[in-house]
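The values are calculated or read from the model by the stated rules, or taken from the named source; none is laboratory data. Just so it is clear, the structure is predicted and the values come from calculations on it, not from any experiment. Every residue, glycine among them, receives a Cβ derived from its backbone with ideal geometry; neighbour counts consider all protein chains shown. Protein only, heavy atoms only, side chains kept; ligands, DNA and RNA dropped before computing areas. Shrake-Rupley method; radii C 1.70, N 1.55, O 1.52, S 1.80 Å.
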Amino acid sequence: QVQLATSGGGLVQAGGSLRLSCASSGSMSSIYAMAWYRQVPGKQRELVATITNGGSTNYADSVKGRFTISRDNVKNTVYLQMNSLKPEDTAVYYCNARLSWGEYWGQGTQVTVSS
């Protein structure tokens, strides 16, 4: 079992920044990667960024150069630093933990970017 607690969403003007946090607990040794997804109503959930246990990162083209995923292994927390936010970044953001036998999701956090 893995528990994920997500925080950090909110309302920000275009061009602003937000940092999302995802604190994990439970079967930490079984997690091989963490990810952030986002979803807007009526659309499929979209992969935003991933980070492996080795520190390798990957980003959706739409956020490259603006978002940074990172992890603090002492705090068992993954972050998503979002800069130069655009109205099209508005979505519910979800934290995801990938294990060999499946995956776990945190509760979503709303990010709203006003123009």
Using a 1.4 Å probe over the heavy atoms of the protein chains, calculate the carbon and sulfur portion of the accessible area of the stretch 51-115 as a whole percent. 46
For the chain, what's the relative contact order in percent, using C-alpha pairs closer than 8 Å and at least 6 residues apart? 36
Report for the chain the percent antiparallel among DSSP-assigned beta bridges with both residues inside it, nearest 5. 90
If you build a Gaussian network model of the chain, linking Cα atoms that sit under 10 Å apart, which residue out of 73, 96, 83 swings the most? 73
Which far-off residues, 5 or more places away or on another chain, put their amide H under 5 Å from the one on residue 27, with H placed in the peptide plane? 2, 3
Find me the longest stretch of the chain that has none of the exposed trypsin sites (Lys or Arg not before Pro), where exposed means in a DSSP loop (not H, G, I, E or B) with at most 13 other Cβ atoms within 10 Å. 1-42
When we measure straight from the Cα of residue 43, which aspartates and glutamates land under 14 angstrom away, once same-chain ones fewer than 8 places off are left out? 88, 89
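Compute the accessible area per residue over the stretch 5-115, keeping the other protein chains in place, probe 1.4 Å, unit Å².
Values: 5690 Å² over 111 residues.
I get 51 Å² per residue for this part.
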In whole angstrom, note down how far apart the Cα centers of the stretch 64-115 and the stretch 20-51 are. 6
